[in-house]
Amino acid sequence: MRMQSKMRRIISLCASANSPRSIFRLCADAAGIRWFRVLAPGSKVEKLEDGFFSISGAAVDAAGKLYFVDHHEQRIFGWSKNEGLTVERDNSLDPVNLAFDRSGDLLVLSSAGPEGTVYSFHPGSSDAAITVLSPQPSEQHPALWRCFR
């Protein structure tokens, strides 16, 4: 119960810190919980595209192209200044979150299956070119866990 209470406080702090004049990101690490300014003072948020149902899981590749998921539509989109909006995958396996590995492959956390799945593909490759990653053991991150006790 104590962890849930702390999480609720963190979530409400995140919501209150997001205003048209300043956007902050919450960071929990060994030094504790801190706020970091995401936009420089005086910056403006610009709407680039619309028409999405439920956007999540943003990741940026080495060239600066933004990738994100529309979970409801089961699509992975890309956006760059040069290309505009592109559909990277239209046949995704229930994508939830994205990240890039060091080789430039896009890692996709999927809620498909009883315990979820992680798969990867190289952006621009054929729809059939995916690799399902097998589960690996993980360890608890002590600095982050300390924030929720």
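How much net charge surrounds Ser80 when only other residues with a Cβ under 12 Å from its Cβ are counted (Lys, Arg +1; Asp, Glu -1)? That sum, taken over residues with Cβ under 12 Å, equals -2.
The phi torsions of the range 107-113, fed into the Karplus equation with coefficients 6.51, -1.76 and 1.60 and a -60° offset, translate into couplings of 8, 10, 7, 10, 8, 6, x Hz, rounded to whole numbers, with Gly and Pro shown as x. Could you tell me whether the range 55-133 comes out rounded, prolate or oblate from its Cα gyration tensor? Rule is a ≥ b ≥ c as square roots of the eigenvalues, rounded for a/c under 1.5, then prolate if a/b exceeds b/c, otherwise oblate. Note, shape of the range 55-133 comes out prolate. Label zone (Asp94, point 7 Å along Cα-to-C-beta; backbone nitrogen cut-off 19 Å) within the range 108-143: 108-121, 130-136. Taking other C-beta atoms within 10 Å as the exposure proxy, Ser103, Ser111 rank Ser103, Ser111 from fewest upward. Rounded to the nearest Hz, the phi-derived 3J(HN,Hα) couplings of the range 64-70 under the Karplus curve 6.51 cos²θ - 1.76 cosθ + 1.60 (θ = phi - 60°) are x, 7, 8, 10, 8, 10, 9, where x marks glycine and proline.
Label point of Arg102 set 7 angstrom out along Cα-Cβ; within the range 50-64, amide nitrogens under 18 Å from it belong to 61-63.
Read-outs: derived from the displayed coordinates by stated rules, not from any lab. Everything numeric in this text was worked out from a predicted model, so none of it was measured. Neighbour counts run over all protein chains shown; Cβ positions are idealised from the backbone, glycine included.
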